[in-house]
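Structure, as structure tokens:
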Amino acid sequence: MAKKKDFFDKPLAQNKKASHDYFIEETYEAGLVLTGTEIKSLRTGRSNLNDAFATIRNGEAFLHNMHISPFEQGNRHNPPDPTRARKLLLHKAQIKKLLGTVKQEGYTLVPLKVYIKNGYAKLLLGVGRGKKQYDKRETAAKRDVQRDIQRILREKQKVSFPK
């Protein structure tokens, strides 16, 4: 029997600048602890990960500055602060490994995207090392070269097929 494809497989929020600013070396899937009607607001796509970052305090992981707009049809259980710190659900071994990695010079925890998996809100958390300005230029140059190669290959395929 084929696996049923979840309706919410597409990302609800994505940090597009993360791959531009960091070399992502490892990724972890973490659950999000949400309160009130935050999940309804997330499902409607009213969230933003652009300035978000993650920290580890007292053996627990937290997500800071992720903006989830209040739900319009919400009630008194709507959280008052849309950018409050949210707890991330990870295994203890994963938290210890992340803590050891983040203590190294230049590494940070970068939230990459938020999505729904089996009805639960999940966050893809990356361990990233900051890029220097010359690394960013090098990455852009490689991307341009790849784009040119793909364009040339497409043109050759169009020409090679006789009609």
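Every read-out reported here was derived from the displayed coordinates using simple, explicitly stated rules and does not represent laboratory data. All of these numbers come straight from a predicted model, not from anything done at the bench. Every residue, glycine as well, gets a Cβ built from its backbone with ideal geometry; the counts of neighbours run over all protein chains shown.
Here are a few things to note about the model shown:
- Extreme residue, farthest from PRO111 (Cα to Cα), among residues of region 49-100 that are charged (D, E, K, R), touching a strand residue (DSSP E or B) at 6+ places or on another chain (Cβ under 7 Å) and surrounded by fewer than 16 Cβ atoms within 10 Å (Cβ to Cβ): GLU60
- Any hit, region 59-82, residues being among the hydroxyl-bearing types (Ser, Thr, Tyr), under 23 Å from PRO11 (Cβ atoms) and not in a strand (DSSP E or B): yes
- Residues of region 80-102 that turn out to be among the charged types (D, E, K, R), closer than 13 Å to ASN58 by Cα and more than 17 Å from the chain's Cα centre (by Cα), as a count: 2
- Criterion applied to LEU109, LEU88 was being aliphatic (A, V, I, L, M), over 14 Å from VAL33 (Cα atoms) and touching a residue at least 12 places away in the same chain (Cβ under 8 Å), and the one residue passing it is LEU109.
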